[in-house]
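Following: one structure in C-alpha cells, then a few remarks.
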Amino acid sequence: MDRTKSHHDGSQMERLTRGFSAETLELITSLSEEALQQKLARMITPPITLNERTDSELLELYYTSSYVHLFETFNIPKKAKLFEIAAGDTIFIPKALNAYADEGAKYITANLNKSLTSGFREKASELSIELEIIEDNGINILSYCGEGKVDVAVFHHAMNDIVQTIIAEREGNDTVNVDWWTAEPQMLQTVMAYHNRGELKTAAYSEFISIIETCMKLLKEDGYFIFDNCTYAGYEDMGYNSDFHSNYIQLAREWIHEADLGLQEVELEGFDPKWWMVLQKT
Ligand SMILES: C[S@@+](CC[C@H](N)C(=O)[O-])C[C@H]1O[C@@H](n2cnc3c(N)ncnc32)[C@H](O)[C@@H]1O
C-alpha cells in the first residue's frame, strides 16, 4: 500500500507537512518513498512514543497521509463534507481534507472541551478549507447539520475520549470547562474502575450507540465511518491499562455489531484492524 503516493505530488505533500520543523522536512526529503513508508508505519508501533518534535510530526504525517489514502481509495468527492467527533485540539483530519479536497469541501467538528476547542481554532486557522466548529456533544449534531449530507464521519482516536466523557458526566464531573489534561488522569482511573467492576458496558454502550445512530443519519447513503485508536505511551503511570486501551477499536466493533445497526466493515489493505475500522451502511 502506498500511503505517501503524495510524496512525489509536491502540492499535496507540501500541505501535509506545512509548519513542520526544518529537521523533519530534511529527513522526509532524504528518504526514498519506500523508506518513508516504513518509517511512518513504524510510528504506530504501540505504545506510540513521542520523544522529539520529529516523532510528533512523523506521527501526524502517518495519520494525515493515511486519511488522504483512504479518501482516495473510497473515491470520496473532492467537495466532500466531513464530520469529526471529538477533535480536541488535533487538526490531523482537517489537514488531511485540506490536502485532498477542492474548494467547496467542508470540515465540521463537534467538540465539548472549551480550551481544546480554542486551541483547535487557532491551529486550524492556517487551513484554507471551510470549517464549522460546534461546541456541543456530537450526539446533538443533527441540530446543526441536515440528515444525509455528510460523506465521511471520522472517529480519530475518539472512542476513548467519548467513553471517558460519558463516564465523567455520569459521575457528575465537568469535562467542558476544565483543563482536559489536568482532568484526564481522574477520568482514566474512573473508566478503569468501571471496567474492572464489569460496569463499563452498562454505563456507556447506549450513549455510544446513539452517537453512531446519529452519525448514520448524518451520513449520505454511501458514506463512510472511519475509526482509528492506537495506544500512546505514558498512560500506565496514571493507572490506565494499555491492553484495555488497545482494545478500543475491538470494543467499538463488538458494540456496533451487537446493536445490529446495518453497518458493515470494509476490509482495508495495509491498515491493522486492531487500530483501524471502516464501516459503511449496508
Ligand atoms: C484529547 S481530545 C481528543 C483529541 C483527538 N480525538 C485526538 O486523539 O487527537 C478529547 C476531546 O474529545 C471531546 N469529546 C469527548 N466526547 C465527545 C462527544 N461526545 N462530543 C463532542 N466532543 C467530545 C472532549 O470534550 C475533548 O475536547
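The values are calculated or read from the model by the stated rules, or taken from the named source; none is laboratory data. Just so we're clear, the structure is a prediction, and the values are computed from it rather than from any experiment. Ideal geometry is used to build each Cβ from the backbone, glycine not excepted, and the neighbour counts take in all protein chains shown.
Specify the residue that is farthest from residue 63 (Cα to Cα); the eligible residues are those in the stretch 75-128 that are within 12 Å of the ligand (Cβ to nearest atom) and in a strand (DSSP E or B). By that ranking, first place goes to 110. Scanning the stretch 147-162 for residues that are touching a helix residue (DSSP H, G or I) at 6+ places or on another chain (Cβ under 7 Å), within 8 Å of the ligand (Cβ to nearest atom) and aliphatic (A, V, I, L, M) yields a count of 1.
Select from the stretch 129-141 the residues that are more than 12 Å from the ligand (Cβ to nearest atom) and of a type outside the set (Val, Ile, Thr) and write down the one among them that is farthest from residue 104 (Cα to Cα). Across the stretch 129-141, the extreme among qualifying residues is 132.
Note on the stretch 233-282: residues that are closer than 20 Å to residue 70 by Cβ, in contact with a Leu (Cβ under 9 Å, 6 or more places away or on another chain) and modelled with pLDDT under 95 total 4.
Across the stretch 163-189, the number of residues qualifying as assigned to a loop (DSSP other than H, G, I, E, B) and either buried (at least 18 other Cβ atoms within 10 Å of the Cβ) or near the ligand (Cβ under 8 Å from one of its atoms) (or both) comes to 2. Taking the conditions exactly as written (away from the ligand (no atom under 16 Å from the Cβ) and among the aliphatic types (A, V, I, L, M)), does residue 48 satisfy them or not? No, not satisfied.
Contact map, the stretch 177-196: residues that are over 13 Å from residue 166 (Cα atoms) paired with residues that are aromatic (Phe, Trp, Tyr) and within 11 Å of the ligand (Cβ to nearest atom), Cβ distance under 7 Å, separation 6+ or inter-chain. No pairs are found. Of the conditions (1) within 15 Å of the ligand (Cβ to nearest atom); (2) under 24 Å from residue 15 (Cβ atoms); (3) among the aromatic types (Phe, Trp, Tyr), residue 144 fails just one. Which one is it? With respect to (1) within 15 Å of the ligand (Cβ to nearest atom); (2) under 24 Å from residue 15 (Cβ atoms); (3) among the aromatic types (Phe, Trp, Tyr), residue 144 is out only on (2).
The residue list 146, 234 contains one member that is more than 18 Å from the chain's Cα centre (by Cα), over 20 Å from residue 94 (Cβ atoms) and in contact (Cβ under 8 Å) with a residue 40 or more places away in the chain, which is 234. Residue pairs whose Cβ atoms lie under 6 Å apart, sitting 6 or more positions apart in sequence or on different chains, and linking a residue in the stretch 112-126 that is within 16 Å of residue 95 (Cβ to Cβ) to a partner that is assigned to a helix (DSSP H, G or I) and not hydrophobic (A, V, I, L, M, F, W, C), are 124/94.
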